[in-house]
1. Dipole of segment 96-158, Cα-centred, from +1 at each Lys and Arg C-beta and -1 at each Asp and Glu C-beta, to the nearest 20 debye?
2. Relative to the Cα centre, what is the charge dipole magnitude of the chain, using +1 at the beta carbon of each Lys and Arg, -1 at the beta carbon of each Asp and Glu, and rounding to the nearest 20 debye?
3. Per 0.36 nm of contour for each residue apart, how much would the distance between Glu305 and Ser242 grow if the chain were fully extended, relative to their Cα-Cα spacing?
4. Can you compute the radius of gyration and Dmax for segment 56-98, using only the Cα atoms, both in Å?
5. What are the extents of the Cα atoms of the chain along their three principal axes, listed from largest to smallest and rounded to whole Å?
6. How much net charge surrounds Leu327 when only other residues with a Cβ under 12 Å from its Cβ are counted (Lys, Arg +1; Asp, Glu -1)?
7. Below 8 Å between Cα atoms, with a sequence gap of 6+, how large is the relative contact order for the chain in percent?
8. Among rounded, prolate and oblate, which fits segment 32-75 when a ≥ b ≥ c are the square roots of the eigenvalues of its C-alpha gyration tensor, a/c under 1.5 means rounded, and a/b larger than b/c means prolate?
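The values are calculated or read from the model by the stated rules, or taken from the named source; none is laboratory data. Since we're looking at a predicted model, the values are computed, not measured. Note: ideal-geometry Cβ built from the backbone for every residue, glycine included; neighbour counts use all protein chains shown. Accessible surface areas use protein heavy atoms only, side chains included; no ligands, DNA or RNA. Shrake-Rupley method; radii C 1.70, N 1.55, O 1.52, S 1.80 Å.
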Amino acid sequence: MKNSIKKMALSAALSIMALGLVTTTSLAEQLKVDANLSDYVKVQGVAGNLNSVGSDTLNNLMTFWAESFRKKYPNVNIQIEGKGSSTAPPALIEGTSQLGPMSRKMKDKEEQAFEAKFGFKPTVIGVALDSLAVYVNKDNPIEKLDLAEVDAAFSKTRKGGAAADVSTWGQLGLTGEWSDKPISLYGRNSASGTYGYFKSKALFKGDYKDTVKEQPGSASVVLGVTEDKGGLGYSGIGYKTSGVKAIALSKKGGEAYDPTYENVLSGKYPLGRLLYIYVAKEPNKPMPKLVKEFLKFVLSKEGQEIVIKDGYLPLTAEVAAKQAALLD
C-alpha cells in the first residue's frame, strides 16, 4: 500500500481516501463505528450448517460473529477452523466450507484453481481493517523502525536496501544493556496470509531468515515476544496485549506512523490492510440465503461493533455498503 488503502482494495478498487473519509480516532481512544452503518434486520427462514475454513488472523473475529449470529438464528450451526489463509481456497474448492476468511488476497494460482472447478471467479468481501503490527516486548525502549530496518532484521536478502544485516538491538539505535542484546525473531508459518503479506510488504518480497521462530498462530507470536525481552514479531493488531508494544513504522526514512485507525484509513501506516471473506457465488444467481445473511450481519453496524471488540478496525459506512452490494 503506497498512499492509500487502494492498494489493498477489492476488485472494485475502492479507495478509502478517495471517499473523503476523515477521522481523528486513534487506537489509544475508544473507537466507534460509523453512525451511518446499517442496522442488521433479522429475516425469516435462516437455518442450516455453515463452515468457515481459513485465516488464523480472523479466527477470533469469525467466532465472535458466529456467536452473535446464532443468537439471532438458533437453528444455525457454524463451524470455524483457523489454520491459515492458504487453507481457505482448497476448502472452498472442495466444498468443505462456504466461507473462506483470508488476511490476504487469493494468489493467481489459487483463483485459477477455483475458476477451473466452478467456471467462475470467487467473490471477495472486505469485512474489516487491520494494521499489521510489528511488536516488541513492553520493556523495550524502541519506539519506531523504518521498513528497511525491519527487513534487515527479518530477511536474509535485504531487498529493502539496508547496507548490512541487523541482529542486535544496538544496531537499531538502542544503548546500555540493549546494545549487545540479540534480536529474537517471531513470525508465522507459510500457511498464514500474514506471513505472505509481511513477506511482500515488509521484506519487499525477500526471504525470511532461517532463525525466525515460526508460530502456528498470531497469539503464539505475541506470547513469544511477551516472554522474550529481545523479541521482535508481527501479527494483526487484534492480537495486541499489554505484554507487547506495537511500534511506529516509516518508509524510506520518512516520518514514522503508529498503527492507528486514522493512519490506516489515510494510508500513512505502511502495513494497513483489508481482511476478507471469500465465497463461491455463481454469477446471475442469488447467493445462498444463510451465507448472504451472515455476511450482511458482518457488514452491519452490529457486526462492525464486534470488529472493534476484537481489537480490529471497523469499515466505514461507504465501504461496507460497497461490500454489501457484492452480495446481490
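1. Numbers: 10 positive and 10 negative charges, 54 e Å.
About 260 debye.
2. Magnitude of the dipole: close to 720 debye.
3. Details: separation 63, 0.36 × 63 = 22.68 nm, distance 2.17 nm.
Contour length minus Cα-Cα distance gives 20.5 nm.
4. Computed over the Cα atoms of segment 56-98, radius of gyration and Dmax are 11.4, 31 Å.
5. 66, 41, 34
6. +3
7. So the answer I get is 28 percent.
8. Oblate is the answer for segment 32-75, as a/c is 1.5 or above yet b/c matches or exceeds a/b.
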